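Taking it in order: structure first as structure tokens, then the write-up.
Coordinate-derived values only; no laboratory data. Everything numeric in this text was worked out from a predicted model, so none of it was measured. Cβ placement follows ideal geometry from the backbone for every residue including glycine, while neighbour counts extend to all protein chains displayed.
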Amino acid sequence: MEGGAGRKVAALIGLLVALGAIAYQRNPDALGERLYAMSASTEFERWYPDDITPPEGTEYPCALTALPRDLQGIPPTERGYVDHICAKLLEAIHLRLELTAALSAGGDASEELAAYEEGIAPVLAALAAEEGPPGLASFQEDVVRAIELQREAFRKAVPLRADGATMEQVWQLGEVHESSKRLLTAWGTISARYQGGWSPAVMDSVYHHLCALDFV
């Protein structure tokens, strides 16, 4: 293309690029949301298990229910994300329950801590690597950080208990309370996104995954 027509096309392309840059600066998440919706598939590999029975000798601290398979009210392109996140949260919950039970029993829980460390590392890696809509980036960051804080708390709690500290003293660790705050913030983010859309069963299940993961 030559001459005036070529210059007009180039000018139009330049204008579109400039407008896109302005739109991104004003609301980067909005563009990311559109790109995510265009690229995400409604088909996904389901990670969430059929059986959510807690580890032997433990119980959930709240009324945790299995994530509904139909994920009613979650946009189709985001169902895989919610399924995968909740599946990994469930793994983290089970690991937390097992180590908490060992701590509550008293004595040396160093072997249980080692098992927890081995199990939680891939959970954290999977959670951090999961690609979700930009509007839930802070939710994902808060969940990951909450579990990292729990790991830091457990690393302090095991030697404390071995030295005779009570569980009440363990629960006073700063990492315990900061982890709880992160989970509460995460709930606020995801509930704001799907409020009025997701079914009560999905909402209740997601809430109780975060609740069951919490220390207190």
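Data table
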item	result
Whole-Hz ³J(HN,Hα) from phi, Karplus 6.51 cos²θ - 1.76 cosθ + 1.60, for the range 173-187, glycine and proline x	4, x, 5, 4, 6, 5, 4, 4, 4, 5, 5, 5, 5, 4, 4
Loop-located GluC sites (Glu not before Pro) in the range 120-171, at most 13 other Cβ atoms within 10 Å (DSSP)	GLU131
Whole-Hz couplings from phi, Karplus 6.51/-1.76/1.60, listed for the range 161-169; x for Gly and Pro	5, 5, 8, x, 5, 7, 5, 4, 5
Whole-Hz couplings from phi, Karplus 6.51/-1.76/1.60, listed for the range 92-99; x for Gly and Pro	5, 4, 4, 5, 5, 4, 5, 6
Least to most buried among LEU184, LEU136 (fewest other Cβ within 10 Å first)	LEU184, LEU136
